[in-house]
Protein chains: 2
Amino acid sequence: MSFEKIDQLCRKLEALEHSLAILGADEATHMAVGGGEKRAEAMSALAGMHHARATAPEIADWIDTAQQEALNEDQRAALHEFRRQYTNMTCLPTEFVERQTTARLRSEQLWRDLRPKNDWLSFLPALDGIVALVREEAELRAAATGLDRYDALMEQYDPGHRAIDIAPVFSELKTFLKGFVPEALAVQEERLAKNPLRPLSGVYPIDKQRELGLAMMAAVGFDFTHGSLSVSHHPFCGGVPTDVRITTRYKTSDFLSALMGVLHETGHAMYEQNLPKPWSHWPLGKARGMAMHESQSLFVEKQLGRNPAFWEWALPLIEQYLGEKWSKDEILAHVHWVERGLIRVDADEVTYPLHVILRFELEQELVSGRLKAADVPEAWDAKMRDYLGLSTIDTPQDGPMQDVHWPSGAFGYFPSYTLGAMMAAQQWAALEKLHPSVDDEIAKGKFDTVTTWRRDKIWSQGSRWSTPELMERATGEKLNAAHFTAHLKKRYGA
Amino acid sequence: MSFEKIDQLCRKLEALEHSLAILGADEATHMAVGGGEKRAEAMSALAGMHHARATAPEIADWIDTAQQEALNEDQRAALHEFRRQYTNMTCLPTEFVERQTTARLRSEQLWRDLRPKNDWLSFLPALDGIVALVREEAELRAAATGLDRYDALMEQYDPGHRAIDIAPVFSELKTFLKGFVPEALAVQEERLAKNPLRPLSGVYPIDKQRELGLAMMAAVGFDFTHGSLSVSHHPFCGGVPTDVRITTRYKTSDFLSALMGVLHETGHAMYEQNLPKPWSHWPLGKARGMAMHESQSLFVEKQLGRNPAFWEWALPLIEQYLGEKWSKDEILAHVHWVERGLIRVDADEVTYPLHVILRFELEQELVSGRLKAADVPEAWDAKMRDYLGLSTIDTPQDGPMQDVHWPSGAFGYFPSYTLGAMMAAQQWAALEKLHPSVDDEIAKGKFDTVTTWRRDKIWSQGSRWSTPELMERATGEKLNAAHFTAHLKKRYGA
């Protein structure tokens, strides 16, 4: 049976993915400094073996034959998603992939060197090359998938979302935020005038912060028989569903930064831990893409972790682990801090979407050819002034050079961040409608209702549906910016 | 070029070996408890890919063709060792390997269950099956290698040693030890009568023991840019030469047990860290087998770590890290403890070889067919009474059921332990002859002379020579029991 052949192939691929995931997590957490070169060789060889197996030409026949076999509903869904991924993985000719890989590596290295030097002009030729390759890639992907060019790029990260659907939602959100950011800042000013910010000024020992993080992870529902928390330079969620590795980094002067990071990664981790196990080796059993994954991390970090009800339960824990008494107002002033800034990764949940929408708009122009790489700094600056009232014209390092995405050729990824934030708000709204007293439960440190809803509606579904389908099934409606704007108004509004 | 083809193959194999080594070390140190099943699947799939690539039939032709190519001396040595390993890996038919793998897994599981129950009779049928398979394996290996049957088994673990050479050396050592064990015990009794043993009775915090271990590792020459120390249930040396993972386990009541373990594994680790890097992907660049590896760990643990000179330097460290003052005599009474016991892994360096020689003698009888599995308990007991004056007739769990080796089908491995101890003593003798004041250096915590000698003579040679050849080149003579017996007499004699 061809379906059985694909099943066996998927088991081999899962073994290689498992190995790559653990080797990657190990590299960031436990590898000796001198082990990097051989680790890179080993991972690159394993990735090559994975790619060769996953894209073997005979698989196309297996898929066609399997389609004729007597399959149950699950198997049919598995085959459908397998075909989608096979198409996405095989639609670029080897010659193109080689050219692109070389260009990406060079451009990324150059970027690492030139960003600290604020040197846009030396970087421009590399970015020009990358943009040309992305246009070529978009053509190839569009031809293979029948999608529009930018959609064909997004499809790798967020299956099912189309620019034609997202653009109006983002546009609505942008209009709202341009007015709302000043309002939220005014509210904050007013509050600060009455109650000055209590600084995070203690010395918070790392082992105590770690224990606090572990206690919160356990309460929220992280399964420690299938995962762990350690330290790395950049926090991440890695590993495999049966052994999810999340990391954070600690500052002894600020316990919130590590803690919010831990909650964020816990959201990613719980998605992985609760995917449908019998299909773990098939694409069907994997998480539904970057936007949905981000919605799960943001759900825990923003919808739960920055929810005032959460802090009724959490403040006594802070006191227990760190020996400091904080009032709810004092901590919320930090947790709900809003600030106009140049850097996306440092942005709060109010201003963050504007950073993403700016990139989404420029990316589409770059891919379509309407914008040249050389004109990006001016275009970036114009939007930055318009959306956040800030200029980056003299500091490209804090403008178009700030992210690794473009230098590494990842176009179509940025929307996932804000789609994730909107989806998390919409999920929360659906959940709260069904369970109006969920805040009371959270205030008592009870997360069962939340976890059960998320498991049923999202996690257990794996990749059975496209992102928009999954959202509609889970929340009863299509992506709707109103939930996110309502969330912001409630939390930050006048 | 065929040599180049093999070189490329070796790089792929190295990547898979790297992955398996790191996944294995991770499993024992950092894996979540629920991650085991998927980890086993991943490692078994990777091992299968490794075996399929390493034993592909076309490689035989590549070797033959490469032999005709213009190769330099290193390449010739690399090809020679590659051929030896290819022969050893391909000489068993797949059908046999499958039968044997199934039998080994069952027998090992059964043994884990029955050993704690002291139930020899229920285990016997499984062992009978394993012995039959080992005889078959020995025939197959003998036919492929042209070696005697037991030698063909040993060849997997310790290339080049032959029973006909080892047997007389072991016999000489046995005769010596039967007389020497009582002498060493009498010396110990006499000393204890004058100076009672000072018990290890403090509470030694794990983090302090760890820091002490790290300080000693660094002093002895462990390279922390290419390795690390962590904790596992069973201590081991794993990982890869560029990132060697050693582990220990701590008892808060006894700092010597973890420390001696750390020194032992440091010996293994330094061998791996100093192998010839340009050949790391070829068998030529790998360590020379189990006996030589054990000689390197025992060199550090016994020749250095239990050397009285070592403790002149080490005692102040104990005081610094653990806050306890010990005199040299007090600590040496522990470090040089001798005791007749039933269990090999708990034995000291005086009695240990008798445990190994007993197994070496019985193994040969079992493989040749002169001894039946059913008769092992009586044969074991008779030798145990003869060599150590102890009986195991009523406690097979502490007799022939104590080791995992036979239940898992590993015959021909045991000699490596005592060959390693003898080789370490012979290496020390050669080094001391060349550098008569090496003890003075060690007493000052200076290990450069030792490290340089070992790197030049042993580590840098990789697998260029068979074990006996390497020993003869390093020490100027063939394996000679006199060095080991002289070592024991000096340290433990009257």
### Summary
TM-like helix rule applied to chain B (DSSP H, alpha carbon span at least 15 Å on the long axis, mean Kyte-Doolittle at least 1.6) gives none
## Note on the structure
Output row for A:T449: copy-to-copy label distances, label 7 Å along Cα→C-beta, ascending, in nanometres, one decimal, is 7.7
### Query
If you keep only loop residues by DSSP, which trypsin sites (Lys or Arg not before Pro) in region A:269-338 have at most 16 other Cβ atoms within 10 Å of their Cβ?
A:K325
## Note on the structure
Rg/Rh of chain A (Cα atoms, Kirkwood Rh), to two decimals, equals 0.95
### Query
Each label point is 7 Å from the Cα along the Cα-to-Cβ direction; what then is the distance between the points at B:A186 and A:E190, in nm?
9.9 nm
### Task
On a C-alpha basis, how far is the centre of region A:48-65 from the centre of region B:150-181 in Å? Whole number, if you could?
53 Å
### Query
With every protein chain in place, what's the accessible area of B:S44 (1.4 Å probe, Å², nearest 10)?
80 Å²
### Message
Given a Förster distance of 35 Å, report the FRET efficiency between A:K444 and A:E472 from their Cβ-Cβ distance, rounded to the nearest 0.05.
### Response
0.65
### Message
Please check region B:46-67 for residues whose accessible area, probe 1.4 Å, is lower by 50 Å² or more when all protein chains are in place than in their chain alone.
### Response
B:M49
### Message
I'd like the FRET efficiency for A:S253 and B:E312, computed as 1/(1 + (r/R0)^6) with the beta carbon distance as r and R0 of 51 Å, rounded to 0.05.
### Response
0.70
### Query
Modelled label-to-label distance, A:A494 and A:L105, 7 Å Cα→beta-carbon offset: nm?
5.6 nm
### Query
Carbon and sulfur atoms: what percent of the 1.4 Å accessible area of chain A do they account for?
53 percent
### With all protein chains modelled, accessible area of A:E339 [1.4 Å, Å²]
100 Å²
### Task
Could you pull out every one of the aspartates and glutamates with an alpha carbon less than 14 Å from that of A:K372, ignoring same-chain neighbours closer than 8 positions?
A:D128, A:E361, A:E363
### Message
Between region B:324-388 and region A:362-438, what is the separation of their alpha carbon centroids in Å?
### Response
70 Å
#### Entry: Value at 222 nm in deg cm²/dmol, rounded to 500, when DSSP H runs of n ≥ 4 in the protein assembly as shown each add -39,500 (n - 2.57)
-21000 deg cm²/dmol
### Query
Near B:E81, within a Cβ-to-Cβ distance under 14 Å, what is the net charge of the other residues, with Lys and Arg +1 and Asp and Glu -1?
+1
### Query
Relative to the compact globular guide of 2.2 N^0.38 Å, what is the alpha carbon radius of gyration of the protein assembly as shown, as a ratio?
1.09
### Task
Filter the trypsin sites (Lys or Arg not before Pro) in region B:70-139 to those in DSSP coil with at most 14 other Cβ atoms within 10 Å of their Cβ, and list the result.
B:K117
## Note on the structure
Length-normalised contact order of region B:160-494, Cα under 8 Å, at least 6 apart, in percent, tallies to 23 percent
### Task
Find the sum over both chains of the accessible area lost when B and A are paired, probe 1.4 Å, and report it in Å² to the nearest 100.
2600 Å²
### Chain-alone versus full-assembly comparison, region A:239-255, residues with accessible loss of at least 10 Å² (1.4 Å probe)
A:T242, A:D243, A:R245
#### Entry: Solvent-accessible heavy-atom area per residue, rounded to whole Å², over region A:2-154 at 1.4 Å
48 Å²
### Normalised per residue, the volume of the convex hull around the Cα set of region B:155-301 (Å³)
140 Å³
### Task
Subtracting the Cα-Cα distance from 0.36 nm times the residue separation, let me have the gained length for A:F224 to A:V33 in nm, one decimal.
66.0 nm
### Task
Can you figure out the FRET efficiency of B:K277 with A:D394, using R₀ = 51 Å and their beta-carbon distance, to the nearest 0.05?
0.60
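The values are calculated or read from the model by the stated rules, or taken from the named source; none is laboratory data. Note that the coordinates shown come from a computational prediction; the quantities given were computed from them, not determined experimentally. Glycine gets a Cβ as well: all are built from the backbone with ideal geometry, and neighbour counts include every protein chain shown. Each accessible area value is taken on the protein alone, full model and side chains, heavy atoms only, with ligands, DNA and RNA left out. Shrake-Rupley method; radii C 1.70, N 1.55, O 1.52, S 1.80 Å.
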